[in-house]
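Undergrad: Dropping a structure here in C-alpha cells format, bear with me for questions.
The values are calculated or read from the model by the stated rules, or taken from the named source; none is laboratory data. Only a predicted model underlies this, so the values are computations on that prediction, with no experimental measurement involved. Glycine gets a Cβ as well: all are built from the backbone with ideal geometry, and neighbour counts include every protein chain shown.
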Amino acid sequence: MGSLARRIVFVCVGLLIIPLLVHALLLWDRDLRLKIHDLFVDLELVGEGEQELVHQWVRLQKRNLGLVDLLLAHNSESEQEKLLNQVGLIQGLNHHFVCSQEGNCLTDKDSIAPSQEMIQQALASGGEAFLALDPKLKQPFVYVLRPRSADKGVIGLSINADRWIKILSSFEKTHYPVDLSFMNGSGEVIASTSPELKKSQLHIFQPDEWKKWEESRTIFDLFQSQKRDFAMEIALNEADFSLLVSIPAAALSAVEGKGLFINLAYFLALVLLVGGLVTFWITKRMARPMEQLHHVMDLVSGGNLNARYKNDAMGFEINALGSHFNQMVSSLLENIETVKIERFAKEALAKELHIGHEIQKSLLPETLESFGPLSLAAALHPAKEVAGDFYDLFRRSDEELVMVVADGSDKGVSACLYSLIVRSMIRLKLQETNDLKEALVTVNDLFCLDTGDSGNFVTAWIAIFNSQTNAITYCSLGHFPSYLIRQGKAMALTTKGQALGAGLMESPPVETITLEKGDLLFLYTDGLVEARNDEGEMFGSQRLIKLLEDNQYKTPRELVDWVIEQVEQYAPEASQQDDLTALALRVIL
C-alpha cells in the first residue's frame with residue numbers, strides 16, 4: 001500500500017505541482033530577463049558615453065600639448081621649466097613634462113615623467129595615451145604623449161587615474177549604480193570607482209556579446225549571474241587600456257520576485273490537505289491487486305511454479321503486470337526443460353572432444369628417449385581439447401630419424417584435422433622417397449587440394465637425421481627457426497620455404513649441417529615465443545635463446561620442461577592463448 005500511495009503522490013506532483021512550479025519559474029525568468037536586458041542597455045549607453053568623453057578629452061589634450069610645445073619652442077631649459085610650472089597651475093589636474101631623445105626630462109613641480117622605456121613602448125604601440133604605475137609614487141597615472149615639432153623628443157602630460165575615473169563617473173546617471181574602471185592589456189583592474197573591485201568578481205562582456213549571451217542562457221545561468229557583477233569592456237582606440245563599466249550583482253537581488261513563490265506555497269498546502277483524504281481511500285482499494293501479485297511472487301520464489309495471478313476489477317496496470325508474470329513463469333518452465341536438453345548435448349560434445357583428445361594423444365609418437373647418438377624429449381600442451389600443433393618422430397630406416405614440428409593456422413578441431421592430414425602425408429611420402437624436396441612438394445600440392453579456398457595452412461620444420469654421419473638435413477616451411485646450441489652459443493637453423501597449403505610449391509630450399517658431440521637442437525611452435533604477459537609483452541625469441549644458452553647442459557627432458565615452465569610463469573595464461581609444443585635433442589656420442 002505504501003508503494004501505491006507514493007505512486008499516487010508522484011502523479012499529483014507530476015500533473016499539478018510541477019507544472020505550477022515550472023509556470024512560476026517561467027514568470028520569474030521572464031521578469032528577470034527584462035531586468036537584465038535593461039541592465040545591459042544601461043551598460044552599453046554608459047560605455048558609449050564614456051568612450052566619447054575619453055576620445056574628446058584625448059583630442060583636447062593633444063591640441064593643448066601642441067600649444068604648449070609652441071610656447072616652449074626656442075626657450076632655454078630654465079625658461080621651459082618655468083613655463084611648464086605656469087601651465088601646471090593653469091591646468092590644475094594635468095601635469096606636463098618634456099623629454100629629449102636622450103631621456104633627459106623637464107617637468108612642472110608636481111609632475112613625474114615616465115621612464116624612457118615606458119615612452120618607447122608607448123610610441124612603438126602607436127597609442128596616444130597609456131596607463132602605467134608611477135615608478136616613484138606607485139600610483140596609476142594616465143599619460144598622453146605627442147612628438148615635439150622642434151626635435152625628436154616628446155611632450156606629454158599625466159593625470160592621476162583614480163581621480164580621473166571618479167570625474168568621468170560623475171557625468172552618468174542610470175537606473176542602477178554604475179562603477180567605472182580602467183583595465184590594462186593583461187586584464188588587470190588598475191583604477192576604479194570601487195576600490196575593492198576585482199576582475200574575478202566580474203562577468204565581463206564585449207559590446208557585441210551580451211545579446212548572444214542573453215539569447216542562449218538558461219534559467220541556471222540567471223541564478224549564477226546574480227552572484228557576480230555584470231561588466232562591459234569598452235575598447236579605447238586611442239589608448240593601450242580599456243574601460244570597464246560594471247553594475248553590482250546586489251542591484252538585482254532586491255527585486256527577485258519572492259512573493260510569487262510564497263503565494264504558490266499556500267495554494268499547494270491547500271491542495272495537499274483536501275486531496276489527502278481522497279488519496280487515502282483510493283490507495284487502500286488499489287493496493288489489493290498489488291498485494292495479490294506480491295503473494296503469488298512469494299509462492300513462486302518458494303518453488304511453487306503452478307501459482308498464478310488472477311485479474312482484479314481495480315487492478316488496471318497491475319493486471320497487465322500479473323499477466324506478464326504468469327507468462328514469465330510459463331516461459332521459465334519451458335526454459336528449464338530447454339536447459340536440461342542443452343546440458344545433455346554439451347555433456348555429449350565434451351565427451352566427444354575428450355575422445356578426440358585421447359585419439360590425438362595416441363597418434364603422437366611413442367616415447368623415444370634416444371636414437372643412435374641422440375637423446376630426445378618432447379612436450380605438447382594444447383590450448384583446447386585438441387591441438388593444431390603436432391610433433392612427430394619416426395624411423396625411416398635403422399640409420400635415419402625423421403623429426404617434425406608443425407603448427408596449424410587455427411586452433412581447435414579444424415586445425416587438428418588439417419595437422420593430422422599433413423602428418424599422415426609426410427609419413428607416407430618420406431617412406432616412398434629419399435628426396436626431402438620431392439616429398440615436401442608432393443605433400444604441399446595434395447594438401448592444397450584438401451584445403452581449397454578455406455585459407456588454412458600449416459607451418460612446419462622438418463629434418464632427417466643420419467646416425468652414421470651425424471648429418472641433419474632440414475627445411476623450414478614458413479615456421480620459426482630451430483636453434484642449435486653449440487658451446488653456449490645459439491645458431492638459427494631455417495630456410496625460406498612457404499607454408500604448406502599456402503599455394504603450389506616449386507622446390508623448397510633444403511640445408512644440411514653436421515652435429516657435433518654436445519650440440520643441442522631445440523624445435524618449437526609459435527605458442528612459446530608469442531605468449532604475452534599481463535602488459536601485452538611477448539616472451540620473444542631473445543628470451544628463449546637466453547634460456548637455451550644458459551641451460552644447454554640440461555637433459556632434453558629437463559630442458560623441455562624448464563622452458564615451458566618459464567613461459568607459463570611469464571604468461572600464466574599462455575596455455576590458454578595458443579598450443580605450446582617443444583622438442584629437444586642432444587648429441588651425446
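Undergrad: Tell me which residues, restricted to the range 522-554, are of a type in the set (A, V, I, L, M, F, W, C) and without any contact (Cβ under 8 Å) to a residue 12 or more places away in the chain. I'd like the intermediate steps shown before the answer.
TA: Restricting attention to the range 522-554, the residues satisfying the condition of being of a type in the set (A, V, I, L, M, F, W, C) are 522-523, 528-529, 531, 538-539, 544-545, 547-548.
Within the range 522-554, just Met538 meets the criteria.
Undergrad: Any chance the range 261-268 includes a residue that's within 30 Å of Leu43 (Cβ to Cβ), exposed (fewer than 15 other Cβ atoms within 10 Å of the Cβ) and modelled with pLDDT under 75?
TA: Yes, some residue in the range 261-268 is within 30 Å of Leu43 (Cβ to Cβ), exposed (fewer than 15 other Cβ atoms within 10 Å of the Cβ) and modelled with pLDDT under 75.
Undergrad: Which numbered condition in (1) touching a helix residue (DSSP H, G or I) at 6+ places or on another chain (Cβ under 6 Å); (2) in contact (Cβ under 8 Å) with a residue 24 or more places away in the chain; (3) of a type in the set (S, T, N, Q) is the only one that Thr433 fails?
TA: Every condition holds for Thr433 apart from (2).
Undergrad: State the number of residues belonging to the range 231-248 that are part of a strand (DSSP E or B), of a type outside the set (Val, Ile, Thr) and within 19 Å of Ile36 (Cβ to Cβ).
TA: Number satisfying all stated conditions: 5.
Undergrad: Further, regarding this structure: Anything in the range 555-579 that is part of a loop (DSSP other than H, G, I, E, B) and at pLDDT 90 or above? List them, or say none. I'd like the intermediate steps shown before the answer.
TA: Going residue by residue through the range 555-579, those that are part of a loop (DSSP other than H, G, I, E, B) are 555, 571-573, 578-579.
Hit for the range 555-579 is Thr555, nothing else.
For every residue, the table says whether it meets (1) under 50 Å from the mean Cα position of the chain (by Cα); (2) crowded, with 21+ Cβ neighbours inside 10 Å; (3) farther than 22 Å from Leu374 by Cα.
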site	(1), (2), (3)
Asp389	yes, yes, yes
Phe394	no, no, no
Ser397	no, no, no
Met403	no, yes, no
Ala406	yes, yes, no
Tyr418	yes, yes, yes
Ile421	yes, no, yes
Arg427	no, no, no
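Undergrad: So which of Lys35, Lys138, Lys82, Lys62 ends up being modelled with pLDDT of 75 or more, under 60 Å from the mean Cα position of the chain (by Cα) and farther than 22 Å from Glu188 by Cα? Break it down into steps so the answer makes sense when it comes.
TA: Working: Lys35 fails: modelled with pLDDT of 75 or more; Lys138 fails: farther than 22 Å from Glu188 by Cα; Lys82 fails: under 60 Å from the mean Cα position of the chain (by Cα).
That would be Lys62, the only listed residue that is modelled with pLDDT of 75 or more, under 60 Å from the mean Cα position of the chain (by Cα) and farther than 22 Å from Glu188 by Cα.
Undergrad: Does Val339 satisfy the condition of being under 30 Å from Val413 (Cα atoms) and assigned to a helix (DSSP H, G or I)? So that I can check it myself, show each step before the final result.
TA: Details: under 30 Å from Val413 (Cα atoms): yes; assigned to a helix (DSSP H, G or I): yes.
Yes, satisfied.
Undergrad: Regarding Ala439, is this residue among the small types (Gly, Ala, Ser), within 18 Å of Ser476 (Cα to Cα) and not in a helix (DSSP H, G or I)? If you could, list the steps in order and put the result at the bottom.
TA: Details: among the small types (Gly, Ala, Ser): yes; within 18 Å of Ser476 (Cα to Cα): yes; not in a helix (DSSP H, G or I): no.
Here the answer is no, as Ala439 does not meet what is asked.
Undergrad: Tell me which of these Ser3 doesn't satisfy, since it passes every other one: (1) among the polar types (S, T, N, Q); (2) modelled with pLDDT of 75 or more; (3) more than 30 Å from Leu236 (Cβ to Cβ).
TA: So Ser3 meets the others, but not (2).
Undergrad: Which one is surrounded by the fewest Cβ atoms within 10 Å (Cβ to Cβ) among residues in the range 469-484 that are under 45 Å from the mean Cα position of the chain (by Cα) and farther than 15 Å from Leu436 by Cα?
TA: That would be Pro481.
Undergrad: Would you check if Ala307 is out of contact with any Cys (no Cβ under 6 Å at 6 or more places or on another chain), surrounded by 12 or more Cβ atoms within 10 Å (Cβ to Cβ) and within 30 Å of Leu20 (Cα to Cα)? Working first, answer last.
TA: Details: out of contact with any Cys (no Cβ under 6 Å at 6 or more places or on another chain): yes; surrounded by 12 or more Cβ atoms within 10 Å (Cβ to Cβ): yes; within 30 Å of Leu20 (Cα to Cα): no.
The answer is no for Ala307.
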